[in-house]
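What follows is calculated from the coordinates using simple rules that are stated; it is not laboratory data. Remember, it's a predicted structure, so these values are computed and weren't measured experimentally. Please note: Cβ atoms are built from the backbone with ideal geometry, for glycine as well, and neighbour counts cover all protein chains shown.
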Amino acid sequence: MSADFWSSSQRNKWQLTRHSLLEARRKVLLLERKMIQNGLIKDYPNIHYDYNMRIYLHNLLIKLGRRLNIRQVALATAEIYLSRFLTRVSLKEINVYILVTTCLYVACKIEECPQHIRLILNEARNLWPEYIPHDLTKLAEFEFYLIEEMDSFLFLHHPYKSLIQIRDFLNENTSLYGLTLTDDELQNAWSLINDSYITDLHLLLPPHIIAVASIYITIVLKKNLSSIRVNNGSSSNNGHNNSSVFNRNTDSGAMHIDDLMILANPPGSGAAQNISSTAKTFQDMKLDEETIKINKFMNFLDHSHINLDEVVEALQDMINIYVLWNRYNEQSVKKALQIMLLNRQ
């Protein structure tokens, strides 16, 4: 295991580009088509690895993790295992419920909070009795399958550590930047990172970029949103009923989907320019405490030499997931998987 991300297998073996990720998924679809033509698997047109499916698998992992009281970092590791595995294997070949269970089982070993195979299988059976077999060897066999498809590269670096490091760095350098993260801001950024595992970001970008994007959404967009609501003379709920991090708060200043999309994609702006110009935008506003904090955060970004294009890429993907979550239809995914899996038995 590498002590730092830059010399790790995560960076050197499993950090993909958008193009290489698209190519990997194209190969999976071609393989899937050949297997269907050869009669090895049946075709199920309603089974797709789209965001509906990703959110469903994310929820399965969370549900099983809560039953076993598993740490968040182990859940995050399991989600990356799942994402990596599905860049090489078709959903139509496998039982996704066994995949979720196996990813969590292996992740708990790697993150040093191991769960006994019998316990994790029993909890999975309690949740999904029609899909999880009694036979322990099925889970053990899938474990080897999972590890093989990931080329045995199992150790991961997560944005949580980067988030804590940024928090501590700001605390230690308050005389230089005059900026600290409150407990609420840290918790909100942490929640954003939790949800980011639904996206491809952890296959594409370094962990610190995702951590910075979560802080940006927490500090900058929330203030910008407040300004929009004041200028529009409205701070009421806009009718969305989304389960995302943005409306977990019940106050009138909670973030909402349409506002976030406007903020993430202002017309006529380039990617890195969106962030660079934010400080200038706030110069025309009343310099209240929150605005001053944003200016300090922008000063920190200017001195950090962090790739702002990558931060905006992460930012847009993280916001986009909540737009897609707003359209999430669990029943359609659940029914499609039920038809496929029960027809195999």
Qualifying lysines (Cα of each under 19 Å from Cα of residue 293; at least 8 residues distant if same chain): 222, 223, 280
Rounded FRET efficiency, nearest 0.05, which uses the C-beta distance separating residue 191 from residue 93 and R0 of 30 Å: 0.35
Residues of type lysines that residue 63 reaches as a straight line, Cα spacing below 26 Å, ignoring anything fewer than 8 places off in the same chain: 92, 109, 138, 161, 334, 335
Mean Cβ neighbour count within 10 Å, used as a protection proxy, ranking 78-90, 116-128, 6-18 highest first: 78-90, 116-128, 6-18
Cβ-Cβ FRET estimate between residue 71 and residue 148, R0 fixed at 35 Å, reported to 0.05: 0.85
Cα-derived Rg to Rh of segment 68-215, Kirkwood definition: 1.06
Equivalent ellipsoid, segment 5-156 (semi-axes from 5 times Cα gyration tensor eigenvalues, Å): 24, 21, 14
Exposure proxy ranking, count of Cβ atoms within 10 Å, fewest first, for 180, 101: 180, 101
Rg over Rh [alpha-carbon atoms, Kirkwood Rh] for segment 92-174: 1.16
Label point distance in nm, residue 126-residue 292, each placed 7 Å from Cα along Cα→Cβ: 5.2
Inter-site label distance for residue 44 and residue 304 at 7 Å from Cα along Cβ, in nm: 4.2
Part-to-part distance (alpha-carbon centres) for segment 111-148 and segment 155-185, which is given in Å: 36
Low-density loop cleavage sites - chymotrypsin sites (Phe, Trp or Tyr not before Pro) in segment 115-197, where at most 15 other Cβ are within 10 Å (DSSP): 153, 155
Stretch gain in nm, segment residue 155-residue 339, where the contour uses 0.36 nm per residue and the Cα spacing is subtracted: 62.7 nm
Cα gyration tensor shape for segment 40-127, rounded if a/c is under 1.5, else prolate or oblate: prolate
Neighbourhood net charge (14 Å Cβ-Cβ; Lys/Arg +1, Asp/Glu -1) for residue 180: -4
